[in-house]
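J.: Structure provided below as C-alpha cells; questions to follow.
Please treat every number below as a calculation from the coordinates, not as lab data. Quantities reported herein were computed from a predicted structural model and do not represent experimental measurements. Glycine gets a Cβ as well: all are built from the backbone with ideal geometry, and neighbour counts include every protein chain shown.
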Amino acid sequence: MYTKVLPSISPNKIKYPYHFEITQKNIYSLEELYYHCYYYWKESIDDFIMGKLEDWIREELDLPSIANQIASTKEKNSKCITKQYIDFLGIIDYFSDKELYLLGKEIFRWEHKHEWEKAKDKGDLYIRRGEYEKAIEYYEKALQYTEDSRVLNNIGIAYMERKQYEKAYQYLFAAYTKTPQNIKILFNLSFVAQQQKEYKKAEEFLKEALSIKECGEGWYYYGQLQEKLENEEEAYLAYQRSITFSDSIEGFLALARWYRQRNQVDQALQVIEQLPSKHNWGYYIEKAKILEQQKKSEDGIQLLQEAFHTFTPHPQGFIMLSKLYRTTNQKDQASKIIQQALQLYPNNDAVKLEWARVQKKEGKIKNYQEILKDILFGWIQKYRNPLEKL
C-alpha cells in the first residue's frame with residue numbers, strides 16, 4: 001500500500017523555516033516536516049523529543065490543534081518513545097498503517113539499544129557529514145559506557161581527519177588491542193603512522209593486515225607507502241598485485257596514474273579501461289587526466305561533461321573540468337565551473353586553490369594572492385595548537 005497524497009494544510013508562506021541541524025535541511029511546510037521525520041527519523045527524533053517540532057508547528061505554521069495533539073501523544077505515552085513518535089506520524093494521514101508499523105519496529109529496536117550504540121549512531125552521522133568535532137563529542141559519550149573497538153576506531157578516524165595524529169593513534173591502537181584481526185583498523189594505524197613519518201611501523205601494520213587477509217585494498221595501500229618511500233619497483237608490483245582482486249578499483253586507478261606520471265599513456269589508458277566498473281568518478285577523472293596528457297583536452301572536457309550528467313557532482317570533477325577549460329584558454333567556462341563548485345563546497349581547499357588559479361589566469365593577481373592567503377590562514381586556524389597564538 002502506498003502513502004496517500006493529501007492536499008496541503010500548511011500556510012502558503014512562512015517567515016522562518018524549520019532547520020534540522022544534522023541533515024542541514026530547511027523545512028517550509030507540515031508536509032515536508034512529516035516527510036523528513038519519516039525518512040530521516042534518526043536525524044529528527046531528538047527535535048521531536050525536545051518539543052521543538054510542536055513549537056514550530058504552533059508558532060510558525062499557526063496550527064495549534066496539531067501541536068496540541070503532538071503534546072498530548074507525548075504525555076500519554078511518556079515512557080515509550082516509539083509509541084510517541086508513531087502516534088505523532090499518525091496524526092496526519094500521510095502514511096499507511098503498514099508503513100507506520102514497519103517504522104515502529106525499527107524505532108523500537110533503536111530505542112532499546114544501549115546508550116553507547118545510540119551515541120555511536122549520532123557520531124557516525126556526523127562523521128559522514130565531515131563534522132568531525134561533533135562526531136568526537138558523541139563518540140566520547142559512547143566511550144563513557146563502553147570501550148567497544150568500533151567506537152575507538154571511529155573516534156580515531158575523526159581525530160585522523162582533524163590531523164590530530166597522536167590522539168588518533170592512541171584510540172586506534174586501543175581498538176587494535178581489542179580486535180587485532182580487524183584489517184580496517186590496521187589500515188588506519190598504518191595511515192596515521194605514515195603521517196607521523198614512522199614508515200617502518202606503517203609497513204609492519206600493512207604486512208600484518210595482508211597476512212590476516214590478502215586483498216586488493218591492502219596491496220593498494222602497500223603500493224602507496226612504497227611509492228612514498230620511493231621504492232618504485234615494490235610500489236609497481238604492489239599495484240599489479242592489487243588489481244588481481246575484485247575489491248581493487250583504487251588499485252586500477254593507482255596503476256593507471258603510475259603509468260601516466262611516467263608518460264606511458266598507452267599503458268595507462270589500457271589499465272583504466274580494464275576497471276571492473278566504470279560507473280564512478282575515479283574512472284572519469286583519471287581518464288580525463290590521461291586525455292589531457294595526450295593533448296586531447298577537448299575529449300577530456302566532453303568526458304567530464306558526460307560524468308556530470310550521470311553522477312552526483314564531485315569536487316574533483318569540478319576541479320579537473322575547470323583545469324581543462326583554464327589550460328585551453330576557455331577562461332569564462334573555467335570561471336563558471338569553479339564558481340559552481342564554490343557554491344557546493346565553500347570550505348574545500350582544493351576547490352579554492354583552483355579558483356585562485358583561474359583568477360591568476362584572468363590576470364587578477366591580487367585576488368589570486370588573497371585566496372592563497374585565505375587558504376593558508378584556514379590551515380593555521382584549523383590545525384594549530386589551541387594554546388598557540390598567531
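J.: Taking Cα atoms, how many degrees apart are the long axis of helix 132-143 and the longest axis of the chain, rounded to 10 and kept between 0 and 90?
T.: The two axes meet at around 60 degrees.
J.: How tilted is helix 97-111 with respect to the longest principal axis of the chain? Cα atoms for both, answer in degrees (0 to 90, nearest 10).
T.: Once rounded, one gets 70 degrees.
J.: Relative contact order (percent) for the chain, with alpha-carbon contacts under 8 angstrom and 6 or more residues of separation?
T.: 6
J.: Sum up the charges of everything whose Cβ sits under 11 Å from the Cβ of ARG326, counting Lys and Arg as +1 and Asp and Glu as -1, but leave ARG326 out.
T.: +2
J.: While we're on this one: Classify the stretch 214-277 from the C-alpha gyration tensor, please: rounded if a/c falls under 1.5, else prolate or oblate depending on whether a/b exceeds b/c.
T.: oblate
J.: For GLU133 and ARG262, compute 0.36 nm times the residue count separating them, minus their Cα-Cα distance, and round to one decimal in nm.
T.: 42.4 nm
J.: Report which label in [x] 139; [y] 208; [z] 128 holds the value of volume of the Cα convex hull per residue in Å³ derived from the coordinates of this structure.
T.: Checking each listed value against the structure points to [y].
J.: Express the relative contact order of the stretch 204-362 as a whole percentage, based on alpha carbon pairs under 8 Å and six or more residues apart in sequence.
T.: 12
J.: Another question, then. Quick one: putting +1 on the C-beta of Lys and Arg, -1 on the C-beta of Asp and Glu, what dipole do you get for the chain around its Cα centre, in Debye to the nearest 20?
T.: With Lys and Arg at +1 and Asp and Glu at -1, about 880 debye.
J.: Work from the charge dipole of the stretch 18-111 (Cβ charges, +1 for Lys and Arg, -1 for Asp and Glu, about the Cα centre) and give the residue of LEU30, CYS80, TYR18 farthest towards its positive end.
T.: Of the listed residues, the answer is CYS80.
J.: Counting pairs on different chains as well as pairs 8 or more places apart, how many Lys pairs in the stretch 18-111 have Cα atoms under 20 Å apart?
T.: Eligible lysine pairs with Cα atoms under 20 Å apart amount to 18.
J.: To continue, here is another question. Sort TYR38, TYR169 by Cβ crowding within 10 Å, fewest neighbours at the top.
T.: The fewest-first ordering by Cβ neighbours comes to TYR38, TYR169.
J.: Please label the shape of the stretch 140-196 as rounded, prolate or oblate, based on the square roots a ≥ b ≥ c of the eigenvalues of the alpha-carbon gyration tensor (a/c under 1.5 means rounded; beyond that, a/b larger than b/c means prolate, else oblate).
T.: Judged from the Cα gyration tensor, the stretch 140-196 comes out oblate (a/c at least 1.5, b/c at or above a/b).
J.: For the chain, what does -39500 (n - 2.57) per DSSP helix run (n ≥ 4), summed and divided by total residues, give at 222 nm, in deg cm²/dmol to the nearest 500?
T.: It lands at -22000 deg cm²/dmol.
J.: Express the relative contact order of the stretch 214-277 as a whole percentage, based on alpha carbon pairs under 8 Å and six or more residues apart in sequence.
T.: Value for the stretch 214-277: 30 percent.
J.: Where does the stretch 18-111 land on Rg(C-alpha)/(2.2 N^0.38 Å)?
T.: 0.99
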